[in-house]
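The values are calculated or read from the model by the stated rules, or taken from the named source; none is laboratory data. A quick note: this is a predicted structure, and the numbers were derived from the prediction, not measured. Virtual Cβ from ideal backbone geometry, glycine too; neighbours counted across all protein chains shown. Just the protein is used for accessible areas: all its heavy atoms, side chains included, with ligands, DNA and RNA removed. Shrake-Rupley method; radii C 1.70, N 1.55, O 1.52, S 1.80 Å.
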There are 2 protein chains.
Amino acid sequence: MNFVAALSEAAEKNLRVLEDQIAPAIGEDPFIFEACAPLFKGGKRLRPMLFLLCANCKTSTPPEKTMPLAVALELIHTASLVHDDIIDTSKTRRGVETANSKYGAQIAVLTGDYLFAKAFQLVAENNYDAQVTSTLSKLVKNLCVGEIMQDRRLFQIPTLEEYYTQINLKTAIFLSSCCRLGGIVAKTDAGEIENLAAYGTGLGLAFQITDDLLDFFGDEKVTGKPRGGDLKSGVITLPVIRALETSKKSSELREIVTGGGSVDEAIKIILETDAVGWCTARAKAHIESALVNLPFTLKTSVTLALEQIASFVVDRTR
Amino acid sequence: MNFVAALSEAAEKNLRVLEDQIAPAIGEDPFIFEACAPLFKGGKRLRPMLFLLCANCKTSTPPEKTMPLAVALELIHTASLVHDDIIDTSKTRRGVETANSKYGAQIAVLTGDYLFAKAFQLVAENNYDAQVTSTLSKLVKNLCVGEIMQDRRLFQIPTLEEYYTQINLKTAIFLSSCCRLGGIVAKTDAGEIENLAAYGTGLGLAFQITDDLLDFFGDEKVTGKPRGGDLKSGVITLPVIRALETSKKSSELREIVTGGGSVDEAIKIILETDAVGWCTARAKAHIESALVNLPFTLKTSVTLALEQIASFVVDRTR
């Protein structure tokens, strides 16, 4: 299932315009284009789509006011993936060879930096106000703080609170900022902007918890990532945190996750507990909270799309 | 010699204020502060100083209008060094252990990203106009393009033109942008801004050529870098380009620089040619061109400081 199926004709058109604007944004230098273009293939475009929907939540905002920022959001997301792949030494992403594997860490670091810079240039040159640049820079900063926090605590078991702090910083604030930016560009009122942002936060928390479940229990052929990748690299996520609390074999599980033992064994232990159901229920609760925050005053087509994106986020298989 | 000796009392005071503002700018998260603080020790602060001088080139601009951007420029410079050190796998920088060596590539990539984001946040939250963000994002972008270009051509001999394109992108545009930003913040007239920028370009080209000479012929104890580091990592710079043209042993030199042979042998061959004198003369010519561009209308103290910075750039030993 893809959330694009849920979009109205206008939103779908926006998404096509977005696709056409990515290439020119990275096309100034032929090599950089060659290095970057594959990175944009196969993405869900969730972040720019959330922004575009919120930017058109009450009346239509002209594309020239939305597209540069929509592109900037996808550039930032892709830059963070490029830098993530250096860290993970992953060989593929979205089914395509990573910049890191193809050109080495040097070029990959610089390519990511280029994409970040290009995103801020797009925003600076298209008359967005300072609030937009500020929101954008803060989301990048929080993303880094969240990732650093995670990276500093590899093979350590986080408390539930620490886990939530991390996923908020590295995922939820990004999605929430996309919705907030949409509200800012649409010049909708301050209360509604906060509600849109709260929708994004709930969506983001649910998105990350679902990601964590998919890492253990997803179909490798569909996710495109090796099963248990998080655990192998020392990232301890919600299913483990829950299983450690309820499993009879929690000391065995603790040993595996803190020492880098067998992923298959860890999965077996987790499956014997209520962790999958419990995590799924939490993800659904965050989605409920997201939906409750949607203002009543939005266009029906936008409400519908945001609701369907919410379903997609918890039901997705990749 | 340090260019700080050349500064007027007002400029020196500005530099002290700058030092005090770096810590709060990176102090939001205790770990990030711990990781970043050493990176700022021992820097020359050339970039923020150029900006501050140009921002006060005719009348005094209040510190609250200059300091956030001065700090942002030093954050960007440091971020680029952090990412450079990942690439170079250097163990020390400015005499201090690099973030890469201390915390690993993961944290180093993210720390650099954090500093970039923080720089843009400082600019966004201090009421600078879009021209400032645009200049800043373009200089980061050009820096990346220059570094990528250099990295793609390791162990290949660049033409003189290619060499200049690279050093312009990776160094001169940065220094030039610092001067330009000063002019923008000072709201001086467009012609003068272009002249300040041209001063920065000449300074930047001379700075990089001097850097390239120091890499071969500097005192390791003073530069803090191993001699011939560029050559070892495959970066072919101006002294080599010149020596290849005039040396009787140019085929031997070509073999060393394209294959990663003995640095000492390469230095010996270069020293038998006119390359050092020729490169020094070129650096001095760029400095002359920088000075010619300085507008007559600047405050005497600023003119004096910019002139002394120009001398420092070619006479420095580190």
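Does B:L203 satisfy the criteria of being more than 14 Å from B:R47 (Cα to Cα) and modelled with pLDDT of 95 or more?
No, not satisfied.
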Query raised in the report: Tell me, which helices (runs of 4 or more DSSP H) wholly within the stretch B:1-65 include 2 or more residues that are under 20 Å from the mean Cα position of the chain (by Cα) and modelled with pLDDT of 85 or more?
Result: B:9-26, B:46-55
Query raised in the report: Looking at the stretch B:217-237, which of its residues are free of Cβ contacts under 8 Å to residues at least 60 places away in the same chain, open to solvent by 20 Å² or more (accessible area, probe 1.4 Å) and in a helix (DSSP H, G or I)?
Result: B:F217, B:E220, B:K221, B:D230, B:K232
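Which one is nearest to A:L231 (Cα to Cα), of the residues in the stretch A:244-253 that are in a helix (DSSP H, G or I) and in contact with a helix residue (DSSP H, G or I) (Cβ under 6 Å, 6 or more places away or on another chain)? Walk me through it before giving the result.
Within the stretch A:244-253, the subset in a helix (DSSP H, G or I) is A:244-246, A:250-253.
The next check asks that each one be in contact with a helix residue (DSSP H, G or I) (Cβ under 6 Å, 6 or more places away or on another chain); those that pass are A:244, A:250, A:253.
Working: A:L244: 14, A:S250: 15, A:L253: 11 Å.
It comes out as A:L253.
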Report summary line: Scanning the stretch B:271-290 for residues that are over 19 Å from B:E307 (Cβ atoms) and surrounded by 23 or more Cβ atoms within 10 Å (Cβ to Cβ) gives B:A275, B:C279
Query raised in the report: Is there a residue in the stretch A:150-170 that is open to solvent by 30 Å² or more (accessible area, probe 1.4 Å), without any contact (Cβ under 8 Å) to a residue 24 or more places away in the chain and either in contact with a helix residue (DSSP H, G or I) (Cβ under 6 Å, 6 or more places away or on another chain) or within 9 Å of chain B (Cβ to nearest Cβ) (or both)?
Result: yes
Query raised in the report: Filter the stretch B:300-316 for residues that are charged (D, E, K, R) and open to solvent by 20 Å² or more (accessible area, probe 1.4 Å); which is nearest to B:E9 (Cα to Cα)?
Result: B:E307
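Would you confirm whether any residue within the stretch B:60-67 is within 14 Å of chain A (Cβ to nearest Cβ) and without any contact (Cβ under 8 Å) to a residue 60 or more places away in the chain? Show your work before the answer.
Initially, the stretch B:60-67 is screened for residues within 14 Å of chain A (Cβ to nearest Cβ), giving none.
Checked the stretch B:60-67: no residue is within 14 Å of chain A (Cβ to nearest Cβ) and without any contact (Cβ under 8 Å) to a residue 60 or more places away in the chain.
Looking at the stretch A:186-216 only, could you name the residues that are in a helix (DSSP H, G or I) and surrounded by fewer than 17 Cβ atoms within 10 Å (Cβ to Cβ)?
Taking the stretch A:186-216 first, the residues in a helix (DSSP H, G or I) are A:190-216.
Hits for the stretch A:186-216 are A:A190, A:G191, A:E194.
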**Report entry** Whichever residue in the stretch A:78-96 is over 25 Å from B:G146 (Cβ atoms) and not polar (S, T, N, Q) and, among such residues, is modelled with the highest pLDDT
**Finding:** A:V96
Report task. Answer yes or no as to whether A:T297 is open to solvent by 50 Å² or more (accessible area, probe 1.4 Å) and in contact with a Cys (Cβ under 9 Å, 6 or more places away or on another chain). Result -> yes
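Looking at B:L175, is it open to solvent by less than 10 Å² (accessible area, probe 1.4 Å) and either at the interface with chain A (Cβ under 9 Å from one of its Cβ atoms) or in contact with a Pro (Cβ under 7 Å, 6 or more places away or on another chain) (or both)? I'd like the intermediate steps shown before the answer.
Numbers: open to solvent by less than 10 Å² (accessible area, probe 1.4 Å): yes; either at the interface with chain A (Cβ under 9 Å from one of its Cβ atoms) or in contact with a Pro (Cβ under 7 Å, 6 or more places away or on another chain) (or both): no.
No, not satisfied.
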**Report entry** Identity of the residue in the stretch B:24-73, among the small types (G, A, S) and buried (at least 24 other Cβ atoms within 10 Å of the Cβ), that ends up nearest to B:G200 (Cα to Cα)
**Finding:** B:A55
Query - Odd one out for A:V240, checked against (1) hydrophobic (A, V, I, L, M, F, W, C); (2) open to solvent by less than 10 Å² (accessible area, probe 1.4 Å); (3) under 15 Å from the mean Cα position of the chain (by Cα) - result: (3)
Query raised in the report: Picking from B:T135, B:T92, B:T201, B:T171, which residue would you name as being β-branched (V, I, T) and over 30 Å from B:G224 (Cα atoms)?
Result: B:T135
Report summary line: Among residues of the stretch B:131-149 being of a type in the set (G, A, S) and facing another protein chain (nearest Cβ under 7 Å), the residue nearest to B:R47 (Cα to Cα) is B:S137
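Taking A:V240, is it β-branched (V, I, T), over 27 Å from A:M49 (Cβ atoms) and in contact (Cβ under 8 Å) with a residue 40 or more places away in the chain? Lay out the reasoning, then the answer.
Numbers: β-branched (V, I, T): yes; over 27 Å from A:M49 (Cβ atoms): yes; in contact (Cβ under 8 Å) with a residue 40 or more places away in the chain: yes.
The answer is yes for A:V240.
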Report summary line: Per the filter on the stretch B:101-126, residues more than 7 Å from chain A (Cβ to nearest Cβ), open to solvent by 30 Å² or more (accessible area, probe 1.4 Å) and without any contact (Cβ under 8 Å) to a residue 40 or more places away in the chain are B:S101
